[in-house]
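Chemist: One structure follows; several queries about it will come next.
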Amino acid sequence: MTFNEFPISDDLRNLPDEYQTNFCKEHSLLLGYVTSAPFYEDFRAGLLSLLSALEPKIQQLLMMIREYLSISTRIHNQIILLDQIYKEFIALETYQFQLLASNFNQNVLKQKLKSNTETEASSTTLGPEMFRTRIIGFGASATGRLAARRSFASSPRLGSAALPKSSGGILKKTLKTIGYGSLAFTLASIGYVSFKVWRESYPEEQQKQAPTFPDGRKKKTLVILGSGWGSISLLKKLDTTLYNVVIVSPRNYFLFTPLLPSCPTGTVEVRSIIEPVRAITRRCPGEVIYLEAEATDIDPVNNRLTIKQLTTVHSGHSGKDSGSAKPSLSEDIITSLDYDYLVVGVGAQPSTFGLPGVAEHSTFLKEVSDSMKIRRRLMDVLEAANILPKDDPERKRLCHIVVCGGGPTGVEVAGELQDYIDQDLKAWMPEIASELKITLVEAMPNVLSMFNKKLVDYTSQVMKDTNINLLCSHVVQKVNDKTVYAVSKADSKDVTELPYGMLIWATGNAKRPIIGNLSSKIEEQNNAKKGLLVDDRLLVDGTDNIWALGDCTFTKYAPTAQVAFQQGIFLAEHFHRLHDVEDLKYKISNSSPDERVDRLKKKLVRSQNNLPPFEYNHQGSLAYIGSERAVADLVWGDWSNVSSGGTFTFLLWRSAYIYMCLSVKNQILVCFDWIKVGWFGRDISKE
């Protein structure tokens, strides 16, 4: 292969810029430039001609001197660059020759390298006359080595050694980059999670409660009833240094209800989805007092609560009885609590719609105790059915589970129970698992009626494929200890009898006694049959200092956790604005003569008139339908809906619920529960 010299412009001032950037990339351009060095002599001749005309053209000479200095600097930089590339080129050739050495005369190569090194050492100061000789000599030497390397590259090699291909190098670098990136991401994630856990475990010091602010203004007492979605979201978003906050609830933990249907089967442990109220209050900036009690009476006139705590005082063992089941005495501790502002977020209780037998014979799914009761009842009926002969009709009844309610809760608990049967009981109790049957009763024509029609059809098909019997357009008429009677909505004479071993009631909400107590004392609440009536700022109708949120209210919004969560966030910001209003009132009433009271009054009017109403932003719905599939009906802004169902949506469902957990501890525990079930399966013990 012949070597083509690279033509170079005689005018150094017009030297193309792109050649300078390509010197480090293309060896052919470098060698061509090295073998084309006479430009220096032309430049020297031009400089001598300018020196001869120094006196008549002094100004032009000065300009040329500046230009000479500039070009000299460029040439010097190029010489340094060429020298570096030359050394790298020598090192590369030496490495390749040592790696692929066979019949090549290594002694000749060493002599050439030695002579070039001596020449380089003797040329420490490079004058104008020596530059051309040096460059030409370097070009010739480099050309010779290049030719020798090319001829050697085509010769046979010992040990069948071959140069690595560029594609392999790129793949190796890519894999290495991916590996380092994954490692960095993993370490960063572990560090972030560790920091979050540390921050939750060691909260900062709180500002203690005080009767007044530093300026002498009274600090109002804000009492929050309940520890559900609305109350806890309000507490987490509220600046608790602005009020003396007291939270009253008989349940001393927050329950992540969307994952409650996963608890009876052991997919998720109960402890993984509860967060103690005291842990939440301890992370607030200001001190929050928690009272584990139930509000039994609200006096809206005197701004006073009556609260009751039911405690158990053990009397100790009597006689020779030292067992754990000791006799006990129950005591009611009743006290009162004054408030300036009251927020009612006590939620709702399951509704039986007045149907006979529902309250006595069914199990609900509203609280942790309900989940544990379903677990024990399920294992009881399985073990009882296992004792009976296979042809016994009582065994068939015990193996039938009826779920009433085709909303997300009913569908999810039915799907979880069917997963438990297919994935675990068939392995450990195959003689019973094959006989178990689940029936889902729904009054509407379809389950999940609030979802997209395609998702409703998809859910129905998945449940049929997983042997869940759907009985839609049927209303429960009555229940006894062994049978559910469901009437068809199309024909009232069509009554379906469903013998059952366990009945799960997952439909309907009813107001709690405290809500009825408050409604009876407010004239504007006389017609509130399903919950408290509130205005667009969640203020209870007929009051000026009582707010309500969540399932205990009757509004145009569905009684869901999403609504209560957003209402809690709204009320937190609303109380911040109320604090600003009270601050302005205090400044006006205690203003000095020098202050501009009129300006403060105008600001007060603007603040009171600009209190925004609550606006609900529906973000969609999610539901697990069993067999590791889920459906999602999501909303993006006000213009787009996204509906999906399947295994990918199941991963989305899990990711969304992990994100929604209140603490990092809950997020980690839920993930560990899912991993544990994936590795070891679900437990089949009763407790």
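Chemist: Determine which member of the set 662, 634, 651, 600 is touching a Lys or Arg at 6+ places or on another chain (Cβ under 8 Å) and closer than 29 Å to residue 230 by Cα.
Modeler: Working: 634 fails: touching a Lys or Arg at 6+ places or on another chain (Cβ under 8 Å); 651 fails: touching a Lys or Arg at 6+ places or on another chain (Cβ under 8 Å); 600 fails: closer than 29 Å to residue 230 by Cα.
Selected residue: 662, the only one of 662, 634, 651, 600 that is touching a Lys or Arg at 6+ places or on another chain (Cβ under 8 Å) and closer than 29 Å to residue 230 by Cα.
Chemist: Also, quick follow-up: Which residue out of 668, 675 is free of Cβ contacts under 8 Å to residues at least 60 places away in the same chain and aliphatic (A, V, I, L, M)? If you could, list the steps in order and put the result at the bottom.
Modeler: On the way: 668 fails: free of Cβ contacts under 8 Å to residues at least 60 places away in the same chain.
Exactly one of 668, 675 is free of Cβ contacts under 8 Å to residues at least 60 places away in the same chain and aliphatic (A, V, I, L, M), namely 675.
Chemist: What's the number of the condition residue 372 fails, among (1) open to solvent by 10 Å² or more (accessible area, probe 1.4 Å); (2) within 24 Å of residue 486 (Cα to Cα)?
Modeler: Looking at each condition in turn, residue 372 falls short on (2).
Chemist: Which condition number in (1) at pLDDT below 95; (2) in contact with a Cys (Cβ under 6 Å, 6 or more places away or on another chain) is the one that residue 346 fails?
Modeler: Tallying (1) at pLDDT below 95; (2) in contact with a Cys (Cβ under 6 Å, 6 or more places away or on another chain), residue 346 fails exactly one: (1).
Chemist: Report yes if residue 521 is open to solvent by 40 Å² or more (accessible area, probe 1.4 Å), without any contact (Cβ under 8 Å) to a residue 60 or more places away in the chain and not in a helix (DSSP H, G or I), otherwise no. So that I can check it myself, show each step before the final result.
Modeler: Working: open to solvent by 40 Å² or more (accessible area, probe 1.4 Å): yes; without any contact (Cβ under 8 Å) to a residue 60 or more places away in the chain: no; not in a helix (DSSP H, G or I): yes.
Judged against the criteria, residue 521 is not a match.
Chemist: Among all residue pairs at least 6 apart or on different chains, which show Cβ distances below 9 Å where the first residue, located in the range 416-436, is within 18 Å of residue 374 (Cβ to Cβ) and the second is among the hydroxyl-bearing types (Ser, Thr, Tyr) and part of a helix (DSSP H, G or I)?
Modeler: Partner pairs satisfying both residue conditions: 416/262.
Chemist: To continue, here is another question. Can you pull out the strands (runs of 3 or more DSSP E) entirely within the range 420-515 that have at least 1 residues that are more than 19 Å from residue 380 (Cα to Cα), open to solvent by less than 70 Å² (accessible area, probe 1.4 Å) and not polar (S, T, N, Q)? It would help to see each step written out before you state the result.
Modeler: Working: elements: 437-442, 468-472, 474-479, 483-488, 495-499, 502-505.
Ranges flagged: 437-442, 468-472, 474-479, 483-488, 495-499.
Chemist: From the set of residues in the range 528-564 that are among the hydrophobic types (A, V, I, L, M, F, W, C) and surrounded by fewer than 21 Cβ atoms within 10 Å (Cβ to Cβ), which is nearest to residue 222 (Cα to Cα)? Even if it seems obvious, please write down each step before you answer.
Modeler: Pass one, the range 528-564, residues among the hydrophobic types (A, V, I, L, M, F, W, C): 528, 532-534, 538-540, 546-549, 552, 554, 558, 561, 563-564.
Adding the requirement that they be surrounded by fewer than 21 Cβ atoms within 10 Å (Cβ to Cβ) leaves 533, 539, 554, 558, 561.
On the way: 533: 20, 539: 14, 554: 23, 558: 27, 561: 23 Å.
Top of the filtered list is 539.
Chemist: Could I ask something else about it? Tell me whether the range 662-671 contains one or more residues that are part of a strand (DSSP E or B) and surrounded by 16 or more Cβ atoms within 10 Å (Cβ to Cβ).
Modeler: Initially, the range 662-671 is screened for residues part of a strand (DSSP E or B), giving none.
Checking the range 662-671: not a single residue is part of a strand (DSSP E or B) and surrounded by 16 or more Cβ atoms within 10 Å (Cβ to Cβ).
Chemist: For the range 255-269, name all the residues that are among the hydrophobic types (A, V, I, L, M, F, W, C) and open to solvent by 30 Å² or more (accessible area, probe 1.4 Å). Walk me through how you get there before you give the answer.
Modeler: Taking the range 255-269 as the starting set, the residues that turn out to be among the hydrophobic types (A, V, I, L, M, F, W, C) are 255-256, 259-260, 263, 268.
None; the set is empty.
Chemist: For the range 656-664, indicate whether the set of residues that are out of contact with any helix residue (DSSP H, G or I) (no Cβ under 7 Å at 6 or more places or on another chain) and free of Cβ contacts under 8 Å to residues at least 40 places away in the same chain is non-empty.
Modeler: Looking for residues that are out of contact with any helix residue (DSSP H, G or I) (no Cβ under 7 Å at 6 or more places or on another chain) and free of Cβ contacts under 8 Å to residues at least 40 places away in the same chain, one finds at least one in the range 656-664, hence yes.
Residue by residue, here is whether (1) modelled with pLDDT of 90 or more; (2) touching a Cys at 6+ places or on another chain (Cβ under 6 Å); (3) among the polar types (S, T, N, Q); (4) assigned to a helix (DSSP H, G or I) holds:
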position: 588; (1), (2), (3), (4): no, no, no, yes
position: 593; (1), (2), (3), (4): no, no, no, no
position: 625; (1), (2), (3), (4): yes, no, no, no
position: 645; (1), (2), (3), (4): yes, no, no, no
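Chemist: Hey, among the residues in the range 538-577 that are among the small types (Gly, Ala, Ser) and in a helix (DSSP H, G or I), which one's nearest to the chain's Cα centre (by Cα)? Before you say what the answer is, go through the steps one by one.
Modeler: Of the range 538-577, the ones among the small types (Gly, Ala, Ser) are 542, 548, 550, 558, 561, 564, 568, 572.
After this cut, where a residue has to be in a helix (DSSP H, G or I) as well, the list is 550, 561, 564, 568, 572.
Numbers: 550: 24, 561: 18, 564: 20, 568: 20, 572: 23 Å.
If we take residues in the range 538-577 being among the small types (Gly, Ala, Ser) and in a helix (DSSP H, G or I), then 561 is nearest to the chain's Cα centre (by Cα).
Chemist: Identify all residues within the range 286-306 that are open to solvent by 70 Å² or more (accessible area, probe 1.4 Å) and in a loop (DSSP other than H, G, I, E, B); write none if there are none. Walk me through it before giving the result.
Modeler: Of the residues in the range 286-306, the ones open to solvent by 70 Å² or more (accessible area, probe 1.4 Å) are 292, 294, 301-302, 304.
292, 301, 302 - these are the residues of the range 286-306 that are open to solvent by 70 Å² or more (accessible area, probe 1.4 Å) and in a loop (DSSP other than H, G, I, E, B).
The values are calculated or read from the model by the stated rules, or taken from the named source; none is laboratory data. Predicted, not measured: the structure shown is a model, and the values here were computed from it. Virtual Cβ from ideal backbone geometry, glycine too; neighbours counted across all protein chains shown. Heads up: the accessible areas ignore ligands, DNA and RNA and are worked out on the full protein's heavy atoms, side chains in. Shrake-Rupley method; radii C 1.70, N 1.55, O 1.52, S 1.80 Å.
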